[in-house]
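*Asks:* The structure follows.
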Amino acid sequence: MCRRIAEGTRWSKCGHFQRHLVVAIMDCNSSRCERSILHPKSCKDPECIKNFGPDVQKDVDNVRDECFQCRAAAARTLQA
């Protein structure tokens, strides 16, 4: 399964990653993966992998806080 190499921000308190940019595609070299250069263009097999695998996360920024979603969830919990 091919994967994207993504650059982004790592939120250190919750560990989440916020992708900003996909900088490259890592080819899995499988003829069974539709994203690979080795996948035949004429292939009609519905069993071939259609999606990318999990991103390879490259941290370009670290923030010592929780991400926006985690802060919003914490705020909703306090209001309830």
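*Asks:* With the radius of gyration and the Kirkwood radius both derived from the Cα set of the chain, what is their ratio Rg to Rh? Kindly include the intermediate steps, with their values, before the conclusion.
*Replies:* On the way: Rg = 17.9 Å, Rh = 14.9 Å.
Here the Rg-to-Rh quotient is 1.20.
*Asks:* Tell me which lysines have Cα within less than 28 Å of Lys13's Cα, excluding those fewer than 8 residues away on the same chain?
*Replies:* Lys58
*Asks:* How many percent of the accessible area of the chain is carbon or sulfur, using a 1.4 Å probe? Don't skip to the end; give the middle numbers.
*Replies:* Numbers: 3030 of 5880 Å².
Here it works out to 52 percent.
*Asks:* Something else about it: R0 = 35 Å: FRET efficiency of Thr77 with Ser30, Cβ-based, nearest 0.05? All intermediate terms of the calculation are to be shown ahead of the outcome.
*Replies:* Values: r = 44 Å, r/R0 = 1.24.
Calculated transfer efficiency: 0.20.
*Asks:* Roughly speaking, what is the stretch gain from Cys43 to Thr9, that is 0.36 nm per residue apart minus the C-alpha to C-alpha distance, in nm to one decimal? Don't jump to the answer; show the numbers that get you there.
*Replies:* Details: separation 34, 0.36 × 34 = 12.24 nm, distance 3.77 nm.
The Cys43-Thr9 span can extend by a further 8.5 nm.
The values are calculated or read from the model by the stated rules, or taken from the named source; none is laboratory data. Keep in mind it's a predicted model, so treat the numbers as computed, not measured. In this analysis, Cβ positions are derived from the backbone assuming ideal geometry, glycine residues included, and neighbour counts consider all displayed protein chains. In case anyone asks, the SASA skips ligands and DNA or RNA and just uses the protein heavy atoms, side chains included. Shrake-Rupley method; radii C 1.70, N 1.55, O 1.52, S 1.80 Å.
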